[in-house]
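Heads up: the structure comes next, in structure tokens.
The values are calculated or read from the model by the stated rules, or taken from the named source; none is laboratory data. Given the structure is predicted, the values throughout are model-derived calculations rather than measurements. Reconstructed Cβ throughout: ideal geometry from the backbone, glycine too, with neighbour counts over all protein chains shown.
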Amino acid sequence: MARPVIMSVDDDPEVLNAVERDLRVHYGSDYRILKSGAPAAAIDVARQLQERGTPVAMFLVDQRMPGMSGTELLTEVRKLHPDARKVLLTAYADTQAAISSINDVELDYYLLKPWHPPEERLYPVLDDLLSDWKGVARVPYEGIRVVGSTWSATCYSAKQFLAGNHVPYQWIELERDTAIQEVVRPLAGDPPQLPVILFPDGTHLVAPSSRQLAEKIGIQTRAQLAFYDLIIVGAGPAGLAAAVYGASEGLHTLMIEESATGGQAGTSSRIENYLGFPAGVSGSDLARRATDQARRFGAELVTAQEAVGIRREDPYRVVQLSDGSEVSTKAVVLAMGVSVRQLNAAGEQSLLGAGVYYGAALFEAATYRDQDVSIVGGANSAGQGALFFSRYARKVTMLVRAESLSRAMSQYLVDRIAQTKNIEVLTRVEVTGFSGSGKLEKIALRKLDSGEEQAIGAAAAFIFIGAAPRTDMVAGAVERDDKGYILTGPDLPLEKDRPKGWLLDRDPYLYETSTPGVFAVGDVRAGSGKRVAAAVGEGSATVSMVHRYLETV
Ligand SMILES: Cc1cc2nc3c(=O)[nH]c(=O)nc-3n(C[C@H](O)[C@H](O)[C@H](O)COP(=O)(O)OP(=O)(O)OC[C@H]3O[C@@H](n4cnc5c(N)ncnc54)[C@H](O)[C@@H]3O)c2cc1C
């Protein structure tokens, strides 16, 4: 922890130096001693200390200064460091002003000048005040602080990006912290742009994009080389497995990931059916281990970059990125997975991130402790979500279109949900809208059998209603089925004996798309298993197909 600060302010340099010297002698080993000759400069320093999260233990301030009295200065700095002890240095003539400020600024002590000898007249008083301060001081958080509003979509995205990339941060609700308001309001602008992210080095970002945030915290966002043996698009389980095998077998491998490694699996609270983890494993733990493993073998990872297109420049393939840059490669593995399908209910857009969430949003669990939440959907991911939130929420209501959970959910989850007292399952219902002022308050439902409309109260709705493949970036570049999933190997439509437009004198390899040297694995591939193990298996197996292909070019 940075040493707490004791700050003295006096316009008379002689007095200021004397105070500083006495403070340094007695407190210099435990506290940082700062001095300032002008009230305005002192306020600036106090603000910077607050921005950095450095606590101020005490202000010793002269009462009679030009432009601003000591009492006025203490009023200002108190807003920034409410726990700091406040001492006024007064001449005998100012005693009355000091006494009357005891109430105004909750003055802790007034010290008559001169205070010599300090062993008798200064240190005993300050020791006492500092011991009081230690009793109430909040231990400052020294990492990244995200300041914003729970009901803001941009704050939600920033938290999601940091949590997904395993970057620890402290969330501070702006409305509840008056000291932080003093710091953040001038930075946030008017109307305020949130979140304001405060970094331990004293810098800040206002409503940053994922890429700005990634660059600031040192996450790599640009490829180091112009050319690779293998580029993998998407770092979910399939892409991570391809990276581990590709890099461990000597290929110069680059992974490109738009948000955070782990993909859908990374958002799962507990994966219980993945081989080798009898007690289950959290998706974020699995993602972190796999990312470390891929990196250890030398795979490079670029995050906060979306691949937006792919081009063929035989014998090479060129991947285009969202920042306009391009990277070339001999072979590509497409592992973009799927994204949650949109519900498109009334009121949804305006409440996204303000109580309405797509997917698990596990890091929001604490926000909804002891409140009522709903889960929209009835398949495995919805079941896992319901069980996870039931540990925090007062009540979880599952809103399911089918007549029972067994239609689309594994039996072990159905049984677990039946045994969980605070989960209620409403079947044969459809969500028609979300409403609330500034944050979700009510969900409108229609009963599918009777057509009857109904509204239930909910502080949050987590939507898990199936998925659509993320294949816009390869439109026109590789063959897809009518739902957009990428066709590979034997599934490619044939014209005579070979796939349409295929000019090589061989059949496509397993997992190879209609473009030679471009492979597709995991959930994005037509006919894939839509499970973590299946994605990992395909990602691993495709690397031997990549080797076969590389022998031909
Ligand atoms: C909540 C939840 C719980 C689940 N629980 C289980 C379970 O218990 N057991 C089980 O076996 N399966 C489970 N699944 C399914 C499993 O997670 C998926 O089958 C698996 O993650 C698929 O892996 P993937 O790598 O193919 O795709 P994904 O996991 O979807 O990963 C794709 C990655 O590609 C990135 N990406 C997409 N497009 C681009 C682009 N253009 N540029 C850069 N990056 C891009 C995405 O950001 C994402 O990180 C669950 C799914 C969910 C949502």
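Details
- Checking each residue in the stretch 251-287 for being assigned to a loop (DSSP other than H, G, I, E, B), crowded, with 17+ Cβ neighbours inside 10 Å and more than 10 Å from the ligand (Cβ to nearest atom) picks out L251, H252, S282.
- Residue satisfying all of: in the stretch 302-317; surrounded by fewer than 16 Cβ atoms within 10 Å (Cβ to Cβ) and more than 14 Å from the ligand (Cβ to nearest atom); nearest to G377 (Cα to Cα) among these: R311
- Single unsatisfied condition, S410 versus (1) in contact (Cβ under 8 Å) with a residue 40 or more places away in the chain; (2) loosely packed, with under 14 Cβ neighbours inside 10 Å; (3) within 16 Å of the ligand (Cβ to nearest atom): (2)
- Candidate set: the stretch 288-301, residues that are among the small types (G, A, S) and under 24 Å from K530 (Cα atoms); chosen: the one farthest from the ligand (Cβ to nearest atom): A294
- Test for D201: is it farther than 17 Å from S322 by Cβ, modelled with pLDDT under 95 and either surrounded by 23 or more Cβ atoms within 10 Å (Cβ to Cβ) or of a type outside the set (S, T, Y) (or both): yes
- Test result for R85, of a type outside the set (S, T, Y) and surrounded by fewer than 17 Cβ atoms within 10 Å (Cβ to Cβ): no
- Output for the stretch 486-535, where each listed residue is within 16 Å of the ligand (Cβ to nearest atom) and among the aromatic types (F, W, Y): Y511, F519
- Single residue of the stretch 508-553 satisfying the filter (of a type in the set (D, E, K, R) and more than 20 Å from Y485 (Cα to Cα)) that is farthest from the chain's Cα centre (by Cα): E551
- Residue count for the stretch 183-235 under the criterion of being among the acidic types (D, E) and within 18 Å of the chain's Cα centre (by Cα): the result is 1.
- Among the strands (runs of 3 or more DSSP E) confined to the stretch 295-400, the ones with at least 3 residues that are over 21 Å from the mean Cα position of the chain (by Cα) are located at 307-313, 316-321, 326-334, 372-376, 395-399.
- Test: L225 is assigned to a loop (DSSP other than H, G, I, E, B), among the hydrophobic types (A, V, I, L, M, F, W, C) and surrounded by fewer than 22 Cβ atoms within 10 Å (Cβ to Cβ): yes
- The stretch 327-338, subset within 15 Å of the ligand (Cβ to nearest atom) and touching a Gly at 6+ places or on another chain (Cβ under 9 Å), residue farthest from G484 (Cα to Cα): T329
- In the stretch 426-478, the residues that are under 21 Å from E348 (Cα atoms) and within 12 Å of the ligand (Cβ to nearest atom): F462, I463, F464, I465, G466, A467, A468
- Only a single item in (1) closer than 25 Å to R3 by Cα; (2) assigned to a helix (DSSP H, G or I) is not met by Y156, and it is number (1).
- As a summary of the residue check, A238 satisfies the conditions (1) more than 20 Å from the chain's Cα centre (by Cα); (2) assigned to a helix (DSSP H, G or I); (3) more than 13 Å from the ligand (Cβ to nearest atom); (4) of a type in the set (A, V, I, L, M, F, W, C) except for the one numbered (3).
- Filter result for R394 (surrounded by fewer than 17 Cβ atoms within 10 Å (Cβ to Cβ), modelled with pLDDT of 95 or more and among the basic types (K, R)): yes
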